[in-house]
Amino acid sequence: VSAATVSRTEGGTSVRHRDVTLVELVDRLLGAGVVISGEITLAVADIDLVNLELRALIASADTLASRSP
Amino acid sequence: VIYVYAIADRDAAAPAGPGLGGTLVERFKEGRLAAFVSHDPPGGTQPTEAALWQHEAVVEELMDAGAVLPMRFGSVVLGEGDLRELLASRAADFHRALARVRGRVELGVRALGRLPVPEPRAGESDGRRYLLDKLERRRDAAQIADQIHPSFDVLSVASSRRLLPSEHVLFAGAYLVEREQVGEFERRARCLDHERADLELVCTGPWPPYSFAGGEGK
């Protein structure tokens, strides 16, 4: 996947955008896709998912806060 | 176990790149379908960041060559009999889904921002205040989604949206888009991002059609 659109905020954008991309990846691979019912699907580490979301979102909150007038 | 990355047309070429844990990715044919698999990936199916990207790389290579239905990460079957059974018993669904995603890719949009801080509510109990605030946040997020989502929805053949998937994400949308429309979609995302000082819109993709591989969508 390529980063399609980059946010307009200057500085630290690439790191943040990578975080959002990672959250989108996790969302899709662990929350969507074809599911094999009745078979062993891994017990997904929900905690990892939550941590990833948090990491990206703390970054986004910081960016927005620094931008506020 | 046999780890399954994706389902595609019978004659789709197996990806040249490595699978999980450096394994070979093989094609397993059944009827007019093929599953793309690795046998006994070392390290199992722990969802580490590297493993997720490895799964993604295999599916993306398939996506570049044709229509593909990505499996959820961690999908395994015990043997070839189960794999054959999976492909045969759900063949009609898989064919329908392949037809739906052919020539199309998935794009994601996330709207990041902060909702207004709720007015203090005098005289309400904590529990009631919590619920009212939550309701208000949801209503505010829905309002923003209503302003943003339609601009992308019209460029897509199917879409889904979620409100407040996490604290500072007001909404997350997934869009199934014709390949030729990807440029226009990205331009629109950039424009809207510039127009909205209160939000940050991040568009990601093109992704394999994870969100449209099953039966959901509009």
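Only a single criterion out of (1) under 30 Å from B:Asp198 (Cβ atoms); (2) out of contact with any helix residue (DSSP H, G or I) (no Cβ under 9 Å at 6 or more places or on another chain); (3) at pLDDT below 90 is not satisfied by B:Asp146, namely (3). Residues of region B:1-14 that are away from chain A (no Cβ under 14 Å) and outside any loop (DSSP other than H, G, I, E, B): B:Asp9 alone. Among all residues of region B:100-122, there is at least one that is hydrophobic (A, V, I, L, M, F, W, C), assigned to a helix (DSSP H, G or I), within 12 Å of chain A (Cβ to nearest Cβ) and touching a helix residue (DSSP H, G or I) at 6+ places or on another chain (Cβ under 7 Å). Annotation note: of B:Gly17, B:Gly44, B:Gly21, the sole residue that is surrounded by fewer than 22 Cβ atoms within 10 Å (Cβ to Cβ), closer than 17 Å to B:Tyr3 by Cβ, touching a helix residue (DSSP H, G or I) at 6+ places or on another chain (Cβ under 9 Å) and facing chain A (nearest Cβ under 10 Å) is B:Gly44. Restricting attention to region B:98-129, and to residues there that are more than 25 Å from B:Asp198 (Cβ to Cβ) and hydrophobic (A, V, I, L, M, F, W, C), which single residue is surrounded by the fewest Cβ atoms within 10 Å (Cβ to Cβ)? The qualifying residue surrounded by the fewest Cβ atoms within 10 Å (Cβ to Cβ) is B:Ala122.
The set of residues in region B:64-96 that are within 9 Å of chain A (Cβ to nearest Cβ) and within 11 Å of B:Asp9 (Cα to Cα) comprises B:Leu69, B:Phe94. Here B:Ser151, B:Ser156 are screened, and the one residue that is more than 11 Å from every other protein chain (Cβ to nearest Cβ), of a type in the set (S, T, N, Q), surrounded by 14 or more Cβ atoms within 10 Å (Cβ to Cβ) and under 15 Å from the mean Cα position of the chain (by Cα) is B:Ser156. Mind checking whether some residue in region B:130-142 is within 13 Å of chain A (Cβ to nearest Cβ) and surrounded by 16 or more Cβ atoms within 10 Å (Cβ to Cβ)? Taking every residue of region B:130-142 in turn, none turns out to be within 13 Å of chain A (Cβ to nearest Cβ) and surrounded by 16 or more Cβ atoms within 10 Å (Cβ to Cβ). Tallying residues that are more than 8 Å from chain A (Cβ to nearest Cβ) and aliphatic (A, V, I, L, M) within region B:175-218 yields 5. Within region B:110-136, residues that are closer than 30 Å to B:His149 by Cβ reach partners that are among the basic types (Lys, Arg) and in a loop (DSSP other than H, G, I, E, B) with beta carbons closer than 9 Å, at six or more positions or on different chains, in the pairs B:Ala111/B:Arg196; B:Gly113/B:Arg196; B:Arg129/B:Arg121; B:Leu132/B:Arg121; B:Asp133/B:Arg121.
The values are calculated or read from the model by the stated rules, or taken from the named source; none is laboratory data. Source: prediction; values computed, not measured. We place every Cβ from the backbone using ideal geometry, glycine too, and count neighbours over all the protein chains shown.
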